[in-house]
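The values are calculated or read from the model by the stated rules, or taken from the named source; none is laboratory data. Source: prediction; values computed, not measured. Counting neighbours? That spans all protein chains shown, and the Cβs are built from the backbone with ideal geometry, glycine included.
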């Protein structure tokens, strides 16, 4: 009987506080753009760009991003992962892995530095929590992320 009571107690604790240990990722719109304004709004969004053209990555959440039930901003890290896409539409090769330290309770985030692509082809850009990325930078094809987009780089 003690074992059942203890199991029930543990179940209630996990159920009551479960969202502090796991979190559904909110979906955001990821945009590749020429730049962003002072409010992190995209300037000249792009789906096609030329080799060597400077762009930034920007995500916009439908509402303020909260890590849990926080009332004060908390730091978290956004991973910006870029993969070259093969002819079958699968992520083939990691070409960029950026890390951005951000504060929660905002709706929009953008990379501070410009990005360029050296080779023509199709690319997929992901924004996801740093701890959810592939440490080996090999697989890509993420199923859970804040946002993703595809771009084509031409000569």
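Which one of these is surrounded by 11 or more Cβ atoms within 10 Å (Cβ to Cβ), modelled with pLDDT of 95 or more and closer than 14 Å to residue 146 by Cα: 46, 107?
Values: 46 fails: closer than 14 Å to residue 146 by Cα.
Being surrounded by 11 or more Cβ atoms within 10 Å (Cβ to Cβ), modelled with pLDDT of 95 or more and closer than 14 Å to residue 146 by Cα holds for just one of 46, 107, which is 107.
How many residues, within the stretch 114-127, are in contact with a strand residue (DSSP E or B) (Cβ under 8 Å, 6 or more places away or on another chain) and in a loop (DSSP other than H, G, I, E, B)? Talk me through it step by step, then tell me what you get.
Going residue by residue through the stretch 114-127, those that are in contact with a strand residue (DSSP E or B) (Cβ under 8 Å, 6 or more places away or on another chain) are 114-117, 119-127.
Still in the list and also in a loop (DSSP other than H, G, I, E, B): 114, 116-117, 119-120.
Selection size over the stretch 114-127: 5.
Does residue 84 count as assigned to a strand (DSSP E or B) and either at pLDDT 95 or above or under 25 Å from residue 61 (Cβ atoms) (or both)?
The answer is yes for residue 84.
Would you pick out the residues in the stretch 79-102 that are under 15 Å from residue 120 (Cα atoms) and within 12 Å of the chain's Cα centre (by Cα)?
Hit for the stretch 79-102 is 82, nothing else.
Do the conditions hold for residue 116, that is, is it modelled with pLDDT under 95 and over 13 Å from the mean Cα position of the chain (by Cα)?
Details: modelled with pLDDT under 95: no; over 13 Å from the mean Cα position of the chain (by Cα): yes.
Spelling it out, it is not the case that residue 116 is modelled with pLDDT under 95 and over 13 Å from the mean Cα position of the chain (by Cα).
Scan 93, 143 and give me the residue that is modelled with pLDDT under 95 and loosely packed, with under 13 Cβ neighbours inside 10 Å.
Values: 93 fails: loosely packed, with under 13 Cβ neighbours inside 10 Å.
Result of the check over 93, 143: 143.
Pick out the one residue from 59, 151, 101 that is under 13 Å from residue 28 (Cβ atoms) and not in a helix (DSSP H, G or I). Steps first, please.
Values: 151 fails: under 13 Å from residue 28 (Cβ atoms); 101 fails: under 13 Å from residue 28 (Cβ atoms).
Result: 59 is the single residue among 59, 151, 101 that is under 13 Å from residue 28 (Cβ atoms) and not in a helix (DSSP H, G or I).
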